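**Q** Before we start, here is the structure in question, set down as C-alpha cells.
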Amino acid sequence: MKRYSIWKDNIEEVSYQKLDQDLTTDVLIIGGGMTGINTLYHLRESNLKVVLVEQNKIGMGVTANSTGKLTYLQDHLYNKLLTNFDFEVASSYLKSQREAIQLASDIIKKNSIDCDLVQSNSYVYTSQDKEIEKLKDLKKFLEKNGIYVFEDTNSMVESKYMIGVEDTYLFHPVKFLFGLLKACSSRNIYEDTSIVKIEEEKDGYVCFTEERKIHAKWIVIATHYPYFNLPMVFPVKASLEKSYLSASLKEMELLSLISYDNPFISIRNYQDYCIYLSNSHKNNAKVDDEKHFRELLKKANDLGLNPEYLWSNIDIMTNDGLPYVGEIKEGLLLGTGYNTWGMTNGILAGKLLSDLILKRKNAYQVLFDPKRVNSSMVIQGVMDGYYSLEGYIKGLLSKSDKISYQKEDGKQIAVYQDEEGEHKVYTKCPHMGCRLIFNEVEKTWDCPCHASRFDIDGKCISGPANRDIGIGENN
C-alpha cells in the first residue's frame with residue numbers, strides 16, 4: 001500500500017533550483033500551492049518582476065492532498081454563513097465559488113491544460129433525521145439564488161435525504177498547477193527555499209532565508225498556514241481540521257458526493273479509482289493517527305473498497321466561515337482559511353491577490369478581508385486558543401512504542417529505528433515549541449497545535465513551521 005496521495009503518483013514533476021543569490025523584486029510570493037501559483041499566473045503579463053519561493057516542492061503540499069473537487073455545493077457552510085451573517089453575505093460567497101469554477105474552466109481551456117477536467121454533478125446528503133430540514137433549507141437557499149437543485153439517491157452511501165446540482169467539476173489538482181506553471185514560463189521560481197523571517201524596510205520588505213535575502217515591495221503569503229502570529233494573532237482566528245483519505249480501484253459512475261455534517265464523508269472517482277475521505281476531526285482533539293487510518297480502512301472495506309493509497313490532509317477552518325484573503329498590512333498580502341474548499345478558494349484568491357497588487361477592483365475584497373472582526377470570530381477565538389493549549393498538552397503526553405527519547409546537547413531528541421537505520425529529530429516544533437507526535441502510518445512528525453509536519457528525518461514538509469528539526473539542521 002502506498003502511503004501518499006494518488007495525485008503524487010505517475011506525474012511528470014517540474015523541478016526548480018534552490019535560491020542561491022540575493023534578489024530584488026516587485027512581488028515575492030511565498031508558497032507554491034494553489035494560491036501562490038494562481039497569483040503568479042495572473043501577474044504573468046504585468047510589467048512587475050515576480051519571484052515565487054516554495055519551502056519544499058511545487059504543488060506537493062496541501063493541494064496534492066486534496067480531493068480535487070471544483071464545486072460550490074459545500075456541505076453545511078452556507079447554513080453557517082446564514083447564521084453568522086445574512087442572506088446577502090452567504091449569496092455573495094456562493095457567487096464567488098461559482099465564479100471560481102468558471103475561472104478555472106476558462107484558464108484550463110485557454111491554456112489547453114491537460115488536468116483530467118470532467119464536468120460532474122455534485123451531491124450532498126445526510127443520514128441523520130435531525131439534519132433533513134437543514135438540508136432542505138440549503139436547497140431553498142440555492143434555489144433562491146437561481147440554481148437548479150434536484151433530489152436524488154445513491155447506493156454508495158446510506159442516505160435519508162440527498163440533493164444535487166449541476167455545472168461542477170472534478171480535476172487533477174497537481175496537473176492543473178503544472179499546467180499553470182507552463183503558461184507562466186517563469187524562471188523566477190525557487191524550490192527548497194524557506195523564508196524564515198520578514199522585516200519591513202523603507203520601500204517594502206526584506207525576506208530572509210538561512211543564507212539569502214529577497215527585497216520586495218509586495219509580499220504574498222500563500223503558505224496554507226501563515227508562520228507568523230502578528231499582526232493577525234492567527235492561532236485564535238482559525239482552527240485546524242484533519243481528514244483521512246484513500247484511493248481504491250473501483251468501477252463506478254461519475255460521482256462527486258459529500259455528507260452534510262459530521263461525521264464527514266467525501267467520495268469522488270478519478271479514472272478507475274474511488275477517492276474516499278472520512279474521520280475528519282479537529283487536529284488537536286485526537287492524536288492517534290493509526291487508529292483513524294484503521295477506521296478509514298474499515299469504512300472503505302464496508303463499501304467494497306480495497307485502498308491502494310492512504311494519506312491525510314489538514315484544512316484551516318476560519319471562525320466565521322469565510323476565507324482570509326487580502327491585505328493585512330501595507331504591501332503584505334495573505335491567502336488562507338479555505339474551510340476544506342481550497343480548490344475553488346485558492347483559485348479565487350490568486351485572482352483577488354493579483355488584483356490588489358495591480359490596483360484593480362475585485363468584488364470580493366471586502367467579503368474576504370482578513371482584517372475583519374465580528375462577534376462570531378471573538379467567541380470562537382477563545383475556543384481556538386483553548387484548542388491550541390489542548391494540543392500542546394496532548395503532545396507532552398503522547399507516546400509511541402516505536403520511538404525512544406534521549407538528550408543531546410541539552411535538548412530532547414526522538415529516535416525512530418527502521419530497516420534503513422536510526423532517524424533522529426528534535427522533539428519541539430520550531431513554530432511555537434509544541435511537542436511533536438509521530439505519525440506511524442505516514443512516517444511523519446506532526447504538530448498537534450498548529451499542524452506543522454516534518455518527514456522522518458526532520459525536513460519540514462508543511463508549515464507554519466519554517467525550519468527543519470533534523471539533527472544537525474539550523475534549529
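**Q** With LEU135, LEU94, LEU117 as the choices, which residue is in contact (Cβ under 8 Å) with a residue 40 or more places away in the chain, among the hydrophobic types (A, V, I, L, M, F, W, C) and over 30 Å from ARG372 (Cα atoms)?
**A** LEU117
**Q** Within the range 99-117, take every residue that is in a helix (DSSP H, G or I) and touching a strand residue (DSSP E or B) at 6+ places or on another chain (Cβ under 8 Å) and give me the one that is surrounded by the fewest Cβ atoms within 10 Å (Cβ to Cβ). Explain how you work it out, then say what you get.
**A** Pass one, the range 99-117, residues in a helix (DSSP H, G or I): 99-110.
Those still in the list that are touching a strand residue (DSSP E or B) at 6+ places or on another chain (Cβ under 8 Å) too: 100-101, 104-105.
On the way: ALA100: 24, ILE101: 21, ALA104: 23, SER105: 16.
Looking at residues that are in a helix (DSSP H, G or I) and touching a strand residue (DSSP E or B) at 6+ places or on another chain (Cβ under 8 Å), I get SER105.
**Q** Sticking with this structure for a sec: Are there any strands (runs of 3 or more DSSP E) wholly within the range 243-355 with 3 or more residues that are β-branched (Val, Ile, Thr) and either open to solvent by less than 40 Å² (accessible area, probe 1.4 Å) or over 22 Å from PHE454 (Cα atoms) (or both), and if so which? Step through it out loud before you land on a result.
**A** On the way: elements: 256-259, 266-270, 273-282, 307-318, 324-329, 332-336.
Hits in the range 243-355: 307-318.
**Q** Could you check, for the range 92-105, whether at least one of its residues is over 17 Å from ASP167 (Cβ atoms) and in contact with a His (Cβ under 7 Å, 6 or more places away or on another chain)?
**A** No, the range 92-105 contains no residue that is over 17 Å from ASP167 (Cβ atoms) and in contact with a His (Cβ under 7 Å, 6 or more places away or on another chain).
**Q** A further question follows. On the basis of being part of a helix (DSSP H, G or I) and either buried (at least 18 other Cβ atoms within 10 Å of the Cβ) or out of contact with any Leu (no Cβ under 8 Å at 6 or more places or on another chain) (or both), does PHE150 make the cut?
**A** Working: part of a helix (DSSP H, G or I): no; either buried (at least 18 other Cβ atoms within 10 Å of the Cβ) or out of contact with any Leu (no Cβ under 8 Å at 6 or more places or on another chain) (or both): yes.
Criteria not met by PHE150.
**Q** Could you list, in sequence order, the residues of the range 109-130 that are among the charged types (D, E, K, R) and at pLDDT 95 or above? Walk me through how you get there before you give the answer.
**A** Looking only at the range 109-130, we keep the residues that are among the charged types (D, E, K, R), and these are 109-110, 114, 116, 129-130.
LYS109, LYS110, ASP114, ASP116, listed by residue number.
**Q** Only one residue in TYR72, TYR78, TYR123, TYR93 is buried (at least 19 other Cβ atoms within 10 Å of the Cβ) and touching a Gly at 6+ places or on another chain (Cβ under 7 Å). Which one?
**A** Numbers: TYR72 fails: touching a Gly at 6+ places or on another chain (Cβ under 7 Å); TYR78 fails: touching a Gly at 6+ places or on another chain (Cβ under 7 Å); TYR93 fails: touching a Gly at 6+ places or on another chain (Cβ under 7 Å).
None of the others qualify; the one that does is TYR123.
**Q** So, in the range 419-430, of the ones that are within 30 Å of the chain's Cα centre (by Cα) and open to solvent by 30 Å² or more (accessible area, probe 1.4 Å), which residue ends up nearest to LYS402 (Cα to Cα)?
**A** The selected residue is LYS424.
**Q** Take the residues in the range 1-20 that are in a loop (DSSP other than H, G, I, E, B) and open to solvent by less than 80 Å² (accessible area, probe 1.4 Å), then tell me which one is nearest to PHE178 (Cα to Cα). Quick ask: steps written out before the conclusion?
**A** Step one: of the range 1-20, the residues in a loop (DSSP other than H, G, I, E, B) are 1, 3-5, 9-20.
Keeping just the survivors that are open to solvent by less than 80 Å² (accessible area, probe 1.4 Å) gives 5, 9, 11, 14, 16, 19.
Values: SER5: 16, ASP9: 14, ILE11: 10, VAL14: 7, TYR16: 12, LEU19: 20 Å.
Across the range 1-20, the extreme among qualifying residues is VAL14.
**Q** Any idea which residue in the range 28-41 is nearest to GLU330 (Cα to Cα), counting only those that are touching a helix residue (DSSP H, G or I) at 6+ places or on another chain (Cβ under 6 Å) and crowded, with 24+ Cβ neighbours inside 10 Å?
**A** From the range 28-41, those touching a helix residue (DSSP H, G or I) at 6+ places or on another chain (Cβ under 6 Å) are 29, 33-35, 37-41; that's our starting set.
With the extra rule that they be crowded, with 24+ Cβ neighbours inside 10 Å, the set shrinks to 29, 33-35, 37-40.
Working: ILE29: 15, GLY33: 23, MET34: 23, THR35: 19, ILE37: 22, ASN38: 21, THR39: 18, LEU40: 19 Å.
Looking at the filtered set, the residue picked out is ILE29.
**Q** For THR223, only one of the following conditions fails: (1) crowded, with 17+ Cβ neighbours inside 10 Å; (2) part of a strand (DSSP E or B). What is its number?
**A** The number of the failed condition is (2).
The values are calculated or read from the model by the stated rules, or taken from the named source; none is laboratory data. Note that the coordinates shown come from a computational prediction; the quantities given were computed from them, not determined experimentally. Heads up, the Cβs are rebuilt from the backbone with ideal geometry, glycines too, and the neighbour counts pull from every protein chain shown. The protein model used for the area step is the full one, side chains on, heavy atoms only, and it has no ligands, DNA or RNA in it. Shrake-Rupley method; radii C 1.70, N 1.55, O 1.52, S 1.80 Å.
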